[in-house]
Amino acid sequence: MNMYFQDFKMTENNKPDLEKIAKEQHAIKLAQKEKESNYYPEKLEEFGLKTINRFVDFHPDPSKYMKLGITFGHKGMEPVAEAMANNEPWAVVSGLNPSGPLHMGHKAVFDELLWMQKNGADVFIPITNDESYVVGKTSSLAESRRIAIEQVIPSIIAMGFKAEKTKIFIDSDYMDIYNVAMDLSPHLTLNKAFGVFGFDKSEQGENPGTMFYRSGVQLAQILLPQYEEFGGPKPTLIPVGIDQHPYIQLSREVARKKGFIPPAELDLKFMWGLDGKGKMSASREESAIFLTDSPEVAKKKLKKSYTGGNPVADYQRQHGGIPEICPIYTLRTYHFESDNNVGESCSSGEILCGNCKNEAVEQTLDYLSDHQAKLPEARKRINEYILTTPIRSIFK
């Protein structure tokens, strides 16, 4: 009896048609694959973005994510490439909400940031606890700040960032960010903010704090590296999920008005959540492997994970799985493999989901053990990374 149906009590009347089930499941997942395959090219065209292919062809050592097509699109990256080639100053900005511990989806972005730091970038990491509170992800500023200090920042440090090239700031602690937001505000219009973020001005109930945060404060975070205190205008790169394109679009317009270099956008594909319902997200705990998960919890999540495989093993051996929609495939490829061998083994039917999950469990638990062992020392070093530079140039 096929292992996937070993608990099904068969009789002549209720014997399942395994071939039919297999074909139906395969068709459903092929449709998911087609939708996934079309999503990113359509967004590139919609937003007027370019592929990263030319950069990959000419850089002597592009990142793994670039070579695998996980980092796939950009806008305005040419000044960054020139600065990188000429060993000139450039910066990268990537923030996150401290509503919970970091997960493997966050790690993917930080892996790319580490590559950028090795290629000369100063890395700015805003911890947006004000947004966490304003949009209701945490019950108070104090809670979001505690999560940032106790969980988020130690995990970032443990990943291996250099203190002298890394500037982390918690918004509510680094009050100068609000002065920068005010400095940029004259270059914004309400109509532009509404248009970029898709709000209807007649819409009732929108928190005005959300609008100020999404326009003024986020622009301040993006443009901060170009203020005089950090050396003035310089090429700046913003790695984002493609859904965050509006922020970069607005920041480029404001940068021109301010006399700064328009920030470049670098787009990364989302990492599939373990539940198969979209990107990995802290708001769906079962979708994510958190960097603080115990071995038991992580193993349980992985074993229950959705896959791109088939419920009938023989059918999968013959027709292959569909790695493009498989969370286990993306987890292993993003974090633990140097090439696409997992995907090739899956699509050829060489490996089945049970074996692939077992390997994912082993790789993930090894990483979590190593990462968590570094956290106590990382907590002792937080002050080395925290940005405290006062911004006084705006008062001249």
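Tell me the residue from 161, 197 that is under 21 Å from the mean Cα position of the chain (by Cα), modelled with pLDDT of 90 or more and within 30 Å of residue 80 (Cα to Cα), please.
Details: 197 fails: modelled with pLDDT of 90 or more.
Residue meeting the stated conditions: 161.
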With the condition kept exactly as written, say whether any residue in the stretch 346-354 is touching a Leu at 6+ places or on another chain (Cβ under 7 Å) and touching a residue at least 40 places away in the same chain (Cβ under 8 Å). no
Looking at the stretch 237-265, which of its residues are of a type in the set (Phe, Trp, Tyr) and either touching a residue at least 60 places away in the same chain (Cβ under 8 Å) or within 15 Å of residue 77 (Cα to Cα) (or both)? 260
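Considering 112, 131, which residue is surrounded by fewer than 23 Cβ atoms within 10 Å (Cβ to Cβ), under 28 Å from residue 286 (Cβ atoms) and of a type in the set (D, E, K, R)? Even if it seems obvious, please write down each step before you answer.
On the way: 131 fails: surrounded by fewer than 23 Cβ atoms within 10 Å (Cβ to Cβ).
Answer to the selection: 112.
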Restricting attention to the stretch 254-312, which residues are on the phi > 0 side of the Ramachandran plot and either part of a helix (DSSP H, G or I) or more than 15 Å from the chain's Cα centre (by Cα) (or both)? 259, 276
Which residues, counting only those in the stretch 284-314, are buried (at least 20 other Cβ atoms within 10 Å of the Cβ) and closer than 19 Å to residue 19 by Cβ? 309, 310, 312
Looking only at the stretch 93-135, count how many residues are of a type outside the set (A, V, I, L, M, F, W, C) and either in contact with a Cys (Cβ under 7 Å, 6 or more places away or on another chain) or closer than 20 Å to residue 71 by Cα (or both). 13
I'm told residue 225 meets every condition in (1) crowded, with 20+ Cβ neighbours inside 10 Å; (2) closer than 21 Å to residue 52 by Cα; (3) of a type outside the set (A, V, I, L, M) except one. Can you identify the failing condition by its number? (2)
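Filter the stretch 144-169 down to residues that are within 20 Å of residue 117 (Cβ to Cβ) and touching a Lys or Arg at 6+ places or on another chain (Cβ under 8 Å) and give me whichever is surrounded by the most Cβ atoms within 10 Å (Cβ to Cβ).
So in the stretch 144-169, the residues within 20 Å of residue 117 (Cβ to Cβ) come out as 152-169.
Narrowing further to those that are touching a Lys or Arg at 6+ places or on another chain (Cβ under 8 Å): 154, 157-159, 163.
Values: 154: 27, 157: 22, 158: 21, 159: 18, 163: 13.
Across the stretch 144-169, the extreme among qualifying residues is 154.
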Taking the stretch 57-97 and keeping residues surrounded by fewer than 16 Cβ atoms within 10 Å (Cβ to Cβ) and in a helix (DSSP H, G or I) leaves 57, 58, 78, 82, 85, 86
So which residues in the stretch 336-360 are in a helix (DSSP H, G or I) and surrounded by 18 or more Cβ atoms within 10 Å (Cβ to Cβ)? 342, 343, 345, 346, 347, 353, 356, 357, 360
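Suppose we filter 332, 317 for residues that are more than 24 Å from residue 103 (Cα to Cα), surrounded by 13 or more Cβ atoms within 10 Å (Cβ to Cβ), free of Cβ contacts under 8 Å to residues at least 60 places away in the same chain and among the basic types (Lys, Arg); which single one remains?
On the way: 332 fails: more than 24 Å from residue 103 (Cα to Cα).
Of 332, 317, the one residue that is more than 24 Å from residue 103 (Cα to Cα), surrounded by 13 or more Cβ atoms within 10 Å (Cβ to Cβ), free of Cβ contacts under 8 Å to residues at least 60 places away in the same chain and among the basic types (Lys, Arg) is 317.
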Listed by first then second residue, the pairs whose first member lies in the stretch 359-385 and is under 13 Å from residue 291 (Cα atoms), whose partner is charged (D, E, K, R) and part of a loop (DSSP other than H, G, I, E, B), with beta carbons under 7 Å and at least 6 positions apart or on separate chains, are 368/293
Hits in the stretch 216-253 - residues which are more than 20 Å from the chain's Cα centre (by Cα), assigned to a helix (DSSP H, G or I) and among the aromatic types (Phe, Trp, Tyr): 230
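The values are calculated or read from the model by the stated rules, or taken from the named source; none is laboratory data. Because the structure is a prediction, the values reported are computed rather than measured. Neighbour counts are summed over all protein chains in view; Cβ atoms, including those assigned to glycine, are modelled from backbone coordinates with ideal geometry.
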